[in-house]
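J.: Below is one structure. I have some questions about it.
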């Protein structure tokens, strides 16, 4: 008996948006959903009970980080990641392939999975450079057989291959595991991206074999990673190739081009060519605007560091109605992508010192039931750790609630109306 | 009707140890008890529910810090500190007097409330120097009328007097408020300590008047601070003077001498001269050994940063039985006061990486019911905030449980046996 099921519960009449159910050994997931990231087997600052209470259905943990520390064998000895972390929710691990990119060409070229480079705007590149302890050196060497990389923690040398990735993911023991891939850079040439994609496909085949060697299909489901950069023919080739592999679902990997516009094109090229009755996961994406644009192109699962990272950056997410109230009091800064301005507010704003309402009066999360903006403002200003927990709870709940609203709107046929409430017209 | 009551439930036959009940508007407190410190209206990293679940009965917040940030008027506007912080437990505020010391002669001379200076050991002094943003300058000027000090946050100038302290404490709205005092240095001369004590007594009288002006006796109870340094006649004079003031109870302030031995002498001189039917609070003390030594000298209430601060320093407290198990595996370092060695263990020890038992298998706290040493070791090594919450929960619970054991042992007549389990003979 297989511990996993996937079924489509409702399809939108006008778009590719849909509501589905995924059954896993750790409970059912209603999609579309967003997985907060728990890189190191903890959703930063939250207890398992606090995570559960936000309505979160799935968590993404990072194989590369857990392999280095505490080590996959230790997690296995603890009984797997669920017992190790005491998180009794479905968990997905990535394959480590993204770190091949982020330790390699991402450092070399100073870009993320979307380059955000516009014509005449090359000046942005240097600002994005992510430095490591070893400075600006590339830490990765990729061959057909394997990837050799140095740990960002201590510089020690490690070898990762499809077989190694799947073995490590089996030891970690998440519900969903991913095939090992090379994530190319948005700056790579067509020719390099094509050669890399061929390698990623060979690795996918090896990953499928390794998955059957190391994992039980009852306890771990395999997602195949689709690549191909921002090139239509490569994305289509990849989608067609991956469709032929035996697996549970698909994770669409970056690079996703030079702008959010390219990212949406990638989805339009890819998703229609993948089997309909499989979950589609878009790796590492999750701003509110993106979620709406991607759900209507057929994405079922997102994962993103925004809810946790923004809390550490003193930023909370609020509903459009509450945002208007903030906005009318000129409490919103102009910082950040203008597409995000409809829902992000800074909690260290001086105007909040005397504001005795919750972060979002319309929100039902633990934090908004118990604490005021004034108290949270005070905690941030005093560098008190409780601020991070409280706003992380709120932000994670914000996304869980948003995804619930999205599922409801798809079923009710009111998706376009909901999107209009949250998203202002794109500027691209 | 007065919202406060004090009653003695049981007295030890051999010592001054006793079990008492204090009724407050926010619930009853069984003593002896230890109040974790919540300096900035938060017990560092814990939610109110997490604090409650540890069995904590009382919290101490710092008037000086809350006065500077967020400001007492803001806490009053929120409805008082209980509503501001959502902590529905009895809370005590200190008077700000200790900061007069810690910003003043403590910086100048490099000493704490116990000097820890032994004959021929003057070399220790420089290591204790607490520096502030303004470097090594003394930030305080004390006159009979008031204290003028500079904020450690921004250098701004502030005036504190008995009247101001009690007004601020009334605005903060804790259950217990303290009279304003000058805390002298263990290095001060007899003559300075005597003159300072006379001023502290004049301030105590002014504080009593201010308390009646600003506070309702139904919602706030007054503790009078006893001073006198490590001089027997001054401590006796202070106890006799303070006994005559109308108040709910007494807080015994530092300086407490040049060693823990002096501190115990101070208690022996002071407590017998104070009215029996009042709670005795020893300000800022709370290592395990100290607690046992002080309870049998008549202390009812302790407050201490150890449970929270040690968690941030990767240190957990364990029962003597569990300590022996650690010890037998050579997991205990020799760092720290040898008197503490019977219960403190470092959680980043490499040997814990593969240890899948709870911090203390005998402990009933949330953390020990759910997580292993291996996971907590991992969280600390990965600098994950959850480590601080989990070990703070454990450490705060450790003290709540210790105080419960102490109360039970007093009632059962087994106090000496319990003490022997926790405390090794003093080296002084």
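Every number here is computed from the coordinates shown, using simple stated rules; none is lab data. Only a predicted model underlies this, so the values are computations on that prediction, with no experimental measurement involved. Cβ coordinates were reconstructed from backbone atoms using ideal geometry, including for glycine residues, and neighbour counts include every protein chain displayed.
J.: Please report the relative contact order for chain A, taking Cα pairs under 8 Å with a sequence separation of at least 6, and give it as a percent rounded to a whole number.
T.: 18 percent
J.: Assume the label is 7 Å from Cα along Cα to beta carbon: what separations in nm does residue B:272 have to the matching positions in the other copies?
T.: 9.5
J.: To the nearest 0.05, what FRET efficiency results for residue B:148 and residue B:243 with a Förster distance of 22 Å applied to their C-beta separation?
T.: 0.10
J.: What does the convex hull of the Cα atoms come to per residue for the stretch B:313-422, in Å³?
T.: Here the figure is 96 Å³ per residue.
J.: Relative contact order (percent) for the stretch B:197-258, with alpha-carbon contacts under 8 angstrom and 6 or more residues of separation?
T.: Answer for the stretch B:197-258 is 39 percent.
J.: For the residues B:47, A:237, what sequence is obtained by ranking on other C-beta atoms within 10 Å, fewest first?
T.: So the residues, fewest neighbours to most, are A:237, B:47.
J.: May I pose another question? For chain A, take the longest principal axis of its alpha carbons; what is the angle in degrees between that and the long axis of helix A:260-270, to the nearest 10 within 0 to 90?
T.: That helix lies at roughly 50 degrees to the long axis.
J.: Neighbour counts of other C-beta atoms within 10 Å: give me A:342, B:265 arranged from fewest to most.
T.: B:265, A:342
J.: Still on this structure: Can you give the helix-only mean residue ellipticity at 222 nm for chain B, where every DSSP H stretch with n ≥ 4 adds -39500 (n - 2.57) and the sum goes over all residues, rounded to the nearest 500 deg cm²/dmol?
T.: After summing the helix terms and dividing by residue count, I get -11500 deg cm²/dmol.
J.: With angles folded into 0 to 90 degrees, how steeply does helix B:162-172 sit against the dominant principal axis of chain B? Use alpha carbons for both and round to 10.
T.: Tilt of helix B:162-172: around 50 degrees.
J.: Sticking with this one: Taking only the alpha-carbon atoms of the stretch A:16-87, what semi-axes of the equivalent ellipsoid follow from 5 times the gyration tensor eigenvalues under a square root, in whole Å, largest first?
T.: 24, 13, 12
J.: Right, next: At a Förster distance of 51 Å, what's the computed FRET efficiency of residue B:327 paired with residue A:191, Cβ-Cβ distance as r, to 0.05? Please report the intermediate quantities before stating the final value.
T.: Details: r = 64 Å, r/R0 = 1.25.
Between residue B:327 and residue A:191 the formula returns 0.20.
J.: Over the stretch B:313-422, what relative contact order in percent results from Cα pairs under 8 Å that are six or more residues apart?
T.: Relative CO of the stretch B:313-422 lands at 27 percent.
J.: Can you give me the angle between helix B:385-412 and the longest principal axis of chain B, using Cα atoms only, in degrees from 0 to 90, rounded to the nearest 10?
T.: Once rounded, one gets 80 degrees.
J.: A further question on this structure: Based on the Cβ-Cβ distance of residue A:76 and residue B:405, what FRET efficiency does E = 1/(1 + (r/R0)^6) give at R0 = 30 Å, to the nearest 0.05? Don't skip to the answer; put the middle values down first.
T.: On the way: r = 38 Å, r/R0 = 1.27.
Efficiency, rounded to the nearest 0.05: 0.20.
J.: Please work out the ratio of the alpha-carbon Rg of chain B to 2.2 N^0.38 Å and round it to two decimals. Intermediate values should be presented prior to the final figure.
T.: On the way: Rg = 20.9 Å, N = 428, 2.2 N^0.38 = 22.0 Å.
Computed over Cα atoms of chain B, the ratio equals 0.95.
J.: Over all pairs of distinct alpha carbons, what does the Kirkwood formula give as the hydrodynamic radius of the protein assembly as shown, in Å? Walk me through the intermediate numbers first.
T.: Working: mean 1/r = 0.0337 Å⁻¹.
One decimal place: 29.7 Å for the Kirkwood radius.
J.: According to a simple spin-label model (label point 7 Å from Cα along Cα-to-Cβ), what is the distance in nm between residue B:52 and residue B:69?
T.: Here the answer is 2.9 nm between the modelled labels.
J.: Can you give the Rg to Rh ratio of the stretch B:186-310, both from alpha-carbon atoms, with Rh computed by the Kirkwood formula?
T.: 0.97
J.: Separate question: So the label point sits 7 Å from Cα along the Cα-to-Cβ vector; using that for residue A:364, what distances do you get to the other copies, in nanometres, sorted shortest first?
T.: Distances to the matching label points in the other copies: 3.4 nm.
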